[in-house]
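Undergrad: Below you'll find the structure I mean.
Any read-out appearing in this document is the output of simple, stated calculations on the displayed coordinates, not a laboratory observation. Please read these numbers as outputs of a predicted model, since none were measured by experiment. No Cβ is skipped: glycine too gets one built from the backbone with ideal geometry, and neighbour counts run over all protein chains shown.
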Amino acid sequence: RLLAYHPIVVGEQVIVSDEKGVTAYNLNQRPGEGTTASAVIAWKHEHQSAFVSDAMRPPTGLPRYTLTAYGDRIYARMGLPPAPNFAMGMGRFGGGGGNTNSGASSFLVALDRAAEGKMIWKKAAAEITLPKRRPDGGRSAGFEGTPISDGSNVYVALTNRVEMTATYVACLDAAAGA
């Protein structure tokens with residue numbers, strides 16, 4: 001089974017994201033010897049809308065919670081991946097009821113590590129205009145993979161699974177997410 005969580009190390013912190021948010025742990029602050037306490041949390045940014053119940057998970061695979069850093073900025077991909085093609089418009093197990101995983105459930109967040117994880121911006125996959133795609137719904141776009149930043153921009157793969165799967169690379173302004 002593959003890991004759903006992929007931590008990174010930035011300075012003196014290890015940072016990990018999961019379905020609830022992003023958490024940073026101080027590497028040099030350990031619980032005292034002989035205690036059963038867990039690692040010391042440096043800061044935590046919770047996203048209640050990011051919670052993924054077992055019933056919401058796609059029928060194939062697990063969502064992957066990936067993040068990257070550039071300086072004190074942390075960029076995290078949150079939410080569910082796009083539904084597989086065979087489930088489109090047919091409910092979670094192909095039994096009707098529509099798509100259980102719209103692109104709106106996949107989003108990126110930018111956090112300021114120096115300000116204890118304060119959110120700078122949030123961008124939903126559904127907010128990105130895709131070329132040669134219907135603007136009137138019919139979309140199940142979601143972010144894929146790990147976002148990458150060069151300091152000025154953030155790049156992330158975006159997959160839209162409708163009648164045919166199409167993959168794009170979105171380029172967002174690192175300061176504002178636009």
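Undergrad: Suppose R0 equals 30 Å. What FRET efficiency, 1/(1 + (r/R0)^6) with r the Cβ-Cβ distance, do Ala178 and Ala114 give to the nearest 0.05?
TA: 0.85
Undergrad: Which FRET efficiency, nearest 0.05, do Gln29 and Cys171 yield, Cβ-Cβ r, R0 45 Å?
TA: 0.75
Undergrad: What order, most packed first, do the peptides 142-154, 112-124, 164-176 have when packing is the mean number of other Cβ atoms within 10 Å of each residue?
TA: So the order, starting with the most tightly packed, is 142-154, 112-124, 164-176.
Undergrad: If I take R0 = 45 Å and measure r between the Cβ atoms of Val9 and Met164 in this structure, what FRET efficiency does the formula 1/(1 + (r/R0)^6) give, to the nearest 0.05?
TA: 0.70
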